[in-house]
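The values are calculated or read from the model by the stated rules, or taken from the named source; none is laboratory data. Predicted, not measured: the structure shown is a model, and the values here were computed from it. A quick note on method: Cβ atoms are made from the backbone with ideal geometry, for glycine too, and the neighbour counts reach across all protein chains shown.
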Amino acid sequence: MTSSDSLPEPSPDLLPTTRRALLHRLAVAQSDGRVPSLVGAVTRDGRMVWSGARSCVDGHAPDAHTQYRIGSITKPFTAVAVMRLRDEGLLDLADPLEKHLPGTGVGEVTIAQLLSHTAGLAAETPGEWWERSSATLRPGLADVLGEPAQLHPAGRRHHYSNPGYALLGAVVEAHRGAAWADVVQREICVPLGMDRTSAQPQAPHAGAWAVHPWADVLLPEPAEDLGVMAPAGQLWSTAADLCRFAAFLADGDDRVLGAETVREMRTPAVAPEAADWDGGYGLGVQLARRDGRTLAGHTGSLPGFVAGLWVSVADGVAAVALSNSTSGVGPQVAADLVRIVAEAEPAIPKPWRPLTEVDPVLLELAGPWYWGTSVSALRLTADGGMEFGPLSGGGRRSRFRAERDGSWTGLDGYFAGETLRVVRQDGEVTHLDLGSFVFTRQPYDPAAPVPGGVDEGGWRGLP
């Protein structure tokens, strides 16, 4: 057996051909989209491995440390602050808003519904376009909720709501006794090393521009402070900082949120709209299917800026694209940067390694099990868990985690959250019970409690 220590580690740097393909995609986007500047970056396995930029001003291209406004990419930050409250036991996702923020008029909607945009609230605020007008027009929460504030029954459909995130930011402030921006800075940015992410712009930062749709001329866009709407879209950040945040969305960080909670945020919370089956939403995280892969992250826009952040957890690749134009470059650019790296340099699987300890009692469970005449296989894995599912083809396949009482809990798939129990009689295993399904070592084992019983005549040929 050869020690893996003697093998060279693959270089984290991208191949020259991949780097050129990334720069080409960025250059085409900036040119065809007619945007003043565009910066992109890619992270692989948690490390930024490429960044590039294009600009309409020769010699003045931005870099990965230039701030851009990121719009609704702010929402995952607000969601992380809320999930920290949940993990600390200060709230439950099923709690009605009224429990934590009385007097809003929509107190019956839950925290989870606000996070997932299923509370049925209006998409925008009443009155002037809030992204391009002074926050003094909306001094309080009552000023961001229209009449009626709720357009759809809570929990029935996904309806994106910016005011919903203003409410969530207020929940964070109520529990922390501090401004939303200060909480985000202290609890998220500082631990993750994001020292170029802030609620107000810090030099060097890009200016906000609109490009005329029918002429190559520019118009400056105002950069308004969003006031109580800040938790929906206030933040400024850089490509380098957002790469750090993307790595966090993939793997978690115990200083902020553990991996299990981040995985929960990436789990679809509700079915997408009928016309958008390639997209979805978790808890503060957008989900998308692009080029056969699942992406998690968020897009964002404010007058003068468009931003995109996408993570492919399966590929270990994430990308960011930031531009300073009201339109011209869509969120597809960041998704394309992920695709280029994932296809040109597919992830190299980690070496297979066996279990360090073998429990003979568990080892005895490995192998085929029958539900009726359908055969499934149970396999013990090196992480101390198990996989259970059809021996071939599709079907109900899940991973399981061992519990202290000897049972197993499903982690994903059809049996997520369900309990698998090993049933013994006189010390011998008779069957597995999985959500009332009886799995036996032989098809319709007469010695096991098969529901409905087993015909006494046994198996037979055609008369």
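Which one of these is in a strand (DSSP E or B) and in contact (Cβ under 8 Å) with a residue 60 or more places away in the chain: PRO368, PRO443, PRO351?
PRO368 is the lone residue from the list that is in a strand (DSSP E or B) and in contact (Cβ under 8 Å) with a residue 60 or more places away in the chain.
Give just the number: which of (1) aliphatic (A, V, I, L, M); (2) touching a Ser or Thr at 6+ places or on another chain (Cβ under 8 Å); (3) more than 22 Å from PHE305 (Cα to Cα); (4) crowded, with 17+ Cβ neighbours inside 10 Å does LEU14 not satisfy?
(2)
If you scan segment 417-434, which residues turn out to be more than 19 Å from ALA377 (Cβ to Cβ), outside any strand (DSSP E or B) and either over 21 Å from the mean Cα position of the chain (by Cα) or in contact (Cβ under 8 Å) with a residue 12 or more places away in the chain (or both)?
Answer for segment 417-434, where residues must be more than 19 Å from ALA377 (Cβ to Cβ), outside any strand (DSSP E or B) and either over 21 Å from the mean Cα position of the chain (by Cα) or in contact (Cβ under 8 Å) with a residue 12 or more places away in the chain (or both): ASP426, GLY427.
Can you tell me which of (1) farther than 30 Å from PRO201 by Cβ; (2) in the same structural domain as PHE245 (by TED's automatic domain parsing) is the one ALA318 doesn't meet?
(1) is the only condition that ALA318 fails.
For segment 412-433, which positions are closer than 13 Å to GLU387 by Cα and either buried (at least 17 other Cβ atoms within 10 Å of the Cβ) or among the polar types (S, T, N, Q) (or both)? Reasoning before the result, please.
Here is the first cut: in segment 412-433, the ones closer than 13 Å to GLU387 by Cα are 412-416, 420.
Result: PHE415, LEU420.
Is it fair to say ARG25 is under 18 Å from ARG339 (Cα atoms), among the charged types (D, E, K, R) and in the same structural domain as ALA246 (by TED's automatic domain parsing)? Steps first, answer last, please.
Working: under 18 Å from ARG339 (Cα atoms): yes; among the charged types (D, E, K, R): yes; in the same structural domain as ALA246 (by TED's automatic domain parsing): yes.
Considered against the rule, which asks whether it is under 18 Å from ARG339 (Cα atoms), among the charged types (D, E, K, R) and in the same structural domain as ALA246 (by TED's automatic domain parsing), ARG25 comes out as yes.
Do the conditions hold for GLY384, that is, is it under 30 Å from PRO451 (Cβ atoms) and not assigned by TED's automatic domain parsing to the domain that holds GLY304? If you could, list the steps in order and put the result at the bottom.
Working: under 30 Å from PRO451 (Cβ atoms): no; not assigned by TED's automatic domain parsing to the domain that holds GLY304: yes.
It is false that GLY384 is under 30 Å from PRO451 (Cβ atoms) and not assigned by TED's automatic domain parsing to the domain that holds GLY304.
Are any residues in segment 327-346 farther than 30 Å from ASP216 by Cα, in contact with a Lys or Arg (Cβ under 8 Å, 6 or more places away or on another chain) and among the small types (Gly, Ala, Ser), and if so, which ones?
ALA342 - this is the single residue of segment 327-346 that is farther than 30 Å from ASP216 by Cα, in contact with a Lys or Arg (Cβ under 8 Å, 6 or more places away or on another chain) and among the small types (Gly, Ala, Ser).
Pick from LEU287, LEU283: which is buried (at least 23 other Cβ atoms within 10 Å of the Cβ), within 18 Å of the chain's Cα centre (by Cα) and either in the same structural domain as SER72 (by TED's automatic domain parsing) or assigned to a loop (DSSP other than H, G, I, E, B) (or both)? If you could, list the steps in order and put the result at the bottom.
Details: LEU287 fails: buried (at least 23 other Cβ atoms within 10 Å of the Cβ).
Exactly one of LEU287, LEU283 is buried (at least 23 other Cβ atoms within 10 Å of the Cβ), within 18 Å of the chain's Cα centre (by Cα) and either in the same structural domain as SER72 (by TED's automatic domain parsing) or assigned to a loop (DSSP other than H, G, I, E, B) (or both), namely LEU283.
Any idea which of LEU219, LEU168, LEU226 is out of contact with any Pro (no Cβ under 9 Å at 6 or more places or on another chain), under 15 Å from THR78 (Cα atoms) and not basic (Lys, Arg)? Spell out the reasoning first.
Details: LEU219 fails: under 15 Å from THR78 (Cα atoms); LEU168 fails: out of contact with any Pro (no Cβ under 9 Å at 6 or more places or on another chain).
Exactly one of LEU219, LEU168, LEU226 is out of contact with any Pro (no Cβ under 9 Å at 6 or more places or on another chain), under 15 Å from THR78 (Cα atoms) and not basic (Lys, Arg), namely LEU226.
Inspect all residues belonging to segment 174-194 and state whether any of them is of a type outside the set (Phe, Trp, Tyr), buried (at least 19 other Cβ atoms within 10 Å of the Cβ), without any contact (Cβ under 8 Å) to a residue 60 or more places away in the chain and farther than 26 Å from LEU287 by Cα.
Within segment 174-194, none of the residues are of a type outside the set (Phe, Trp, Tyr), buried (at least 19 other Cβ atoms within 10 Å of the Cβ), without any contact (Cβ under 8 Å) to a residue 60 or more places away in the chain and farther than 26 Å from LEU287 by Cα.
Among the residues of segment 309-345, what is the count of those that are in contact with a Gly (Cβ under 6 Å, 6 or more places away or on another chain), assigned to a loop (DSSP other than H, G, I, E, B) and of a type in the set (Val, Ile, Thr)?
Of the residues in that region, 2 qualify.
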